[in-house]
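Every number here is computed from the coordinates shown, using simple stated rules; none is lab data. Keep in mind the model is a prediction, meaning the values are calculated, not measured. Every residue, glycine among them, receives a Cβ derived from its backbone with ideal geometry; neighbour counts consider all protein chains shown.
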C-alpha cells in the first residue's frame, strides 16, 4: 500500500459516518496512481463537500504527496 492511499483512506474514514463502508482501490502504473473511492450513499455528500471543496482538498493533498514520489495521482469517487 502506498503512502498516498494511506493518506486518502485516513482522511475519508475520519469524515465518514460509516467508515466500514469506505473502499479505496489503487491502480498503480509506472508514472501514475489512480485511486477509486467508494463510500456509502449517505456519506457521498460529505465526501464531496460544498461546491466540491472537500474532495478537491483531498485531491490536492494526494497530488502533492504523489509529486514527492514522482507520480501523478488521480482521485475519483465512484
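Filtering 45, 66 for residues that are in a helix (DSSP H, G or I), within 19 Å of residue 2 (Cβ to Cβ) and over 10 Å from the mean Cα position of the chain (by Cα) leaves a single hit, 66.
Only one of the numbered conditions (1) without any contact (Cβ under 8 Å) to a residue 24 or more places away in the chain; (2) under 12 Å from residue 74 (Cα atoms) is violated by residue 37, and that is (1). When residue 30 is tested against (1) in a loop (DSSP other than H, G, I, E, B); (2) in contact (Cβ under 8 Å) with a residue 60 or more places away in the chain, only condition (2) is not met.
Within the stretch 1-23, the set of residues being closer than 16 Å to residue 71 by Cβ and either assigned to a strand (DSSP E or B) or without any contact (Cβ under 8 Å) to a residue 60 or more places away in the chain (or both) comprises 1, 5, 6, 7.
Residues that are out of contact with any helix residue (DSSP H, G or I) (no Cβ under 6 Å at 6 or more places or on another chain) and closer than 14 Å to residue 77 by Cα were ranked within the stretch 1-26; the one that is surrounded by the fewest Cβ atoms within 10 Å (Cβ to Cβ) is 25. Is it true that residue 59 is under 11 Å from residue 77 (Cβ atoms) and surrounded by 14 or more Cβ atoms within 10 Å (Cβ to Cβ)? Yes, satisfied.
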